[in-house]
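Here the structure comes first, spelled out in structure tokens, and everything after it is commentary.
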Amino acid sequence: MSSEQTVRTLVVAEQSSGEPDAATARVVAAAAALGEAIEVLVVGSGAERAAEQVARLAGVQRVHCCEAAHYDHAAAENTAALVAGMAGEYTHLLAAASTTGRSIMPRVAALCNVAQLSEVVAVQGPDTFVRPIYAGSVLATVQSDDALRVLTIRPTAFDAVGAQEAAPVAALAAGEDTGLSRLVDEQLVSGERPELSSARVVVSGGRGLGSGDNFRLIEAVADRLGAGIGASRAAVDAGYVPNDMQVGQTGKMVAPELYIAVGISGSIQHLAGMKDSRVIVAINHDEEAPIFQVADYGLVADLFEILPELVEKLPRHES
Amino acid sequence: MKVLVAVKRVIDYNVRVRVSEDHAGVDLAHAKMAMNPFCEIALEEAVRLKEQGIASEVVAVTIGPKAAQEQLRSAMALGADRALHLEHDEALESLHVAGLLAGVVEEEQPGLVLLGKQSIDSDNNQTAQMLAAMLGCGQATYASDIRVAGESVTVTCEIDGGLRILALQLPAVISVDLRLNEPRFARLPDIMKAKKRPIESRAAQSLGVDLAPRVRTLRVDYPAERQPGVRVDSVDELVDRLKNEAGVI
Ligand SMILES: Cc1cc2nc3c(=O)[nH]c(=O)nc-3n(C[C@H](O)[C@H](O)[C@H](O)COP(=O)(O)OP(=O)(O)OC[C@H]3O[C@@H](n4cnc5c(N)ncnc54)[C@H](O)[C@@H]3O)c2cc1C
């Protein structure tokens, strides 16, 4: 693209039951790094209510709102068709690198016959981006030659934008229901706890916990700190905790103020998901464990002795 | 029903990658290579579908240099009936790979296409979704359970908030996640037999897909190193430092 081409960005937001996803404000921040013309698309049941909130995110100039149930549950086929139909008006299409964004945006890109760039962590210009590869062992700076750039944004790499006077919201006519897939069931983990990818503190347990029951020790620490709870793949595979708690290359990416890794060895795949945390604490009885290489504070000790004492001595979180 | 499985040759997941001296890419010259772990899971699922009498034939396809035939041999040792190689020496982007796979689907007419959800080198997580778009069929991503019944398939998908179960009309494209199954190891006699089996190889260009690069890698770098940390000797010291030094609690 010639650098004179005017940037015009469409952010594909996520919402459920009228509540926009917290990552939206971060994706808008990435859009703001591209240019001022930022519009947002909100789809599905509840889109109208969510659009009102999205319109107040600083920098958003217009919100397109498509209230139709066949976009619910991240319906990739229907949503991608709708977004691809709008793509002609834009130079950039952005979504969060969530399971939803990662499912929809490649489909959009293929429908538009352009490349897609995943998990962008920095915007260097309208066509130049930084993204992690090889489980985050290296960062690639890439330049896209397509006239339309379709990106997923790693939310933790951008600070959420603030608020503004509401931008206009325009209703958008729904596209067709492709009928290619049908929702059978959804089993969502109800969260009294802070959502893992936006929590200020995350406490994670690994194989060292030895059982699902022992995760109560992790919960006790998390309760004290008002923290989200994560896990290594080994802990999820062993059935100690559900899949949505996995942190890492193939799980969630987190970058909290404080990450406490307990009984986790620190494989490259786990580190990929948490090494951008501000402060990392590792508790492990093996002093050679690689997790200590990234830990700001390492405690070589048996977790079963340490965690009860830690719960006692941590200040109580005020919520 | 025929099942098509795409497999990719990548650096072994245990290998620490090194940035090349000129920062143009990573140095793969002497690195140990293997089948992408997610592709192994896709292949295992296809083989199990055949063992259950649901799949009639398992076809493995790879796109890559001549050396990628090694991964096709592994695929046959693990149970693939046929192996297709689209030879191409330069690295390809997901859009190209999906385009080539769409060509293969056209020829082979599988009822189901299984792919890994991402490859551990580019970490793109795109090819299955792109392929589904090109074929105009339904997609399911991050599968942890797959059940075929008649003309449809029910897939449990691992999503950020938990699990989502989708029903797709066949033909469909599914990308698989880690917890779908645990791949078997190949047995020695099967490895020996697979060495003698034919591989249907041809140039990737022969499919008439535009393979011109869309994205250029300007450079690669190591991420900023973290400052070395300290060992603490007690819970008291840990809590004190978190409170007074780091200010995070
Ligand atoms: C393609 C692929 C993708 C992957 N993606 C991910 C991913 O997204 N996330 C992820 O986490 N992993 C992922 N993995 C798996 C990864 O390679 C490791 O196997 C996994 O992270 C190990 O989990 P762990 O640290 O809990 O277990 P282990 O490596 O077994 O470590 C357990 C640790 O607990 C310590 N310990 C045991 N008992 C105690 C005790 N009583 N007190 C204190 N410490 C104790 C041990 O010293 C050890 O260090 C992936 C692997 C592959 C191949």
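For the stretch A:192-200, the criterion of being more than 14 Å from chain B (Cβ to nearest Cβ), away from the ligand (no atom under 16 Å from the Cβ) and at pLDDT 95 or above is met by no residue.
Test A:A282 against the stated conditions and say whether it is among the aliphatic types (A, V, I, L, M), within 21 Å of B:K117 (Cα to Cα) and either within 8 Å of the ligand (Cβ to nearest atom) or within 11 Å of chain B (Cβ to nearest Cβ) (or both). No, not satisfied. Selection of the stretch A:201-220 for residues being over 15 Å from A:P242 (Cβ atoms) and either within 14 Å of chain B (Cβ to nearest Cβ) or in contact with a strand residue (DSSP E or B) (Cβ under 6 Å, 6 or more places away or on another chain) (or both) yields A:V201, A:V202, A:V203, A:L217, A:A220. Within the stretch B:1-20, no residue satisfies the criterion of being within 13 Å of the chain's Cα centre (by Cα) and of a type in the set (S, T, N, Q). Checked against (1) at pLDDT 95 or above; (2) farther than 22 Å from A:A47 by Cα; (3) surrounded by fewer than 17 Cβ atoms within 10 Å (Cβ to Cβ); (4) not aliphatic (A, V, I, L, M), A:P132 meets all criteria but (3). Of everything in the stretch B:143-180 that is of a type in the set (S, T, N, Q) and crowded, with 19+ Cβ neighbours inside 10 Å, the residue that is farthest from B:K2 (Cα to Cα) is B:T156. The set of residues in the stretch B:64-75 being aliphatic (A, V, I, L, M) and either buried (at least 24 other Cβ atoms within 10 Å of the Cβ) or touching a Cys at 6+ places or on another chain (Cβ under 7 Å) (or both) consists of B:L72, B:A75. Within the stretch B:129-142, can you find the residues that are out of contact with any Pro (no Cβ under 8 Å at 6 or more places or on another chain) and buried (at least 19 other Cβ atoms within 10 Å of the Cβ)? If the condition is that a residue be out of contact with any Pro (no Cβ under 8 Å at 6 or more places or on another chain) and buried (at least 19 other Cβ atoms within 10 Å of the Cβ), then B:L131, B:A132, B:M134, B:G138, B:Q139, B:A140, B:T141, B:Y142 are the ones that fit.
Conditions (1) of a type in the set (D, E, K, R); (2) outside any loop (DSSP other than H, G, I, E, B); (3) touching a residue at least 40 places away in the same chain (Cβ under 8 Å), marked per residue:
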{"residue": "A:V108", "(1), (2), (3)": "no, yes, yes"}
{"residue": "A:V114", "(1), (2), (3)": "no, no, no"}
{"residue": "A:R131", "(1), (2), (3)": "yes, yes, no"}
{"residue": "A:A140", "(1), (2), (3)": "no, yes, no"}
{"residue": "A:A167", "(1), (2), (3)": "no, no, yes"}
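Scanning the stretch A:221-240 for residues that are more than 10 Å from every other protein chain (Cβ to nearest Cβ) and within 11 Å of the ligand (Cβ to nearest atom), we see that the one that is surrounded by the fewest Cβ atoms within 10 Å (Cβ to Cβ) is A:A238. When the stretch A:291-319 is filtered for residues that are near the ligand (Cβ under 8 Å from one of its atoms), crowded, with 17+ Cβ neighbours inside 10 Å and more than 9 Å from chain B (Cβ to nearest Cβ), the ones remaining, listed by number, are A:I291, A:L303. Sub-6 Å Cβ pairs linking a first residue in the stretch A:296-307 that is touching a residue at least 12 places away in the same chain (Cβ under 8 Å) to a second residue that is part of a strand (DSSP E or B) and within 8 Å of the ligand (Cβ to nearest atom), at least 6 apart or interchain, are A:L299/A:I283; A:L303/A:V262; A:L303/A:I283; A:I306/A:I283, ordered by first then second residue. When restricted to residues that are out of contact with any Ser or Thr (no Cβ under 6 Å at 6 or more places or on another chain), at the interface with chain A (Cβ under 7 Å from one of its Cβ atoms) and more than 23 Å from A:D21 (Cβ to Cβ), the stretch B:146-167 contains 1.
For the stretch B:16-54, residues that are more than 14 Å from chain A (Cβ to nearest Cβ) and at pLDDT below 95 total 2.
The values are calculated or read from the model by the stated rules, or taken from the named source; none is laboratory data. Here the structure is a predicted model, which is why all the values come from computation and not from measurement. All Cβ positions, even for glycine, are placed from backbone atoms using ideal geometry, and neighbour counts span all protein chains on display.
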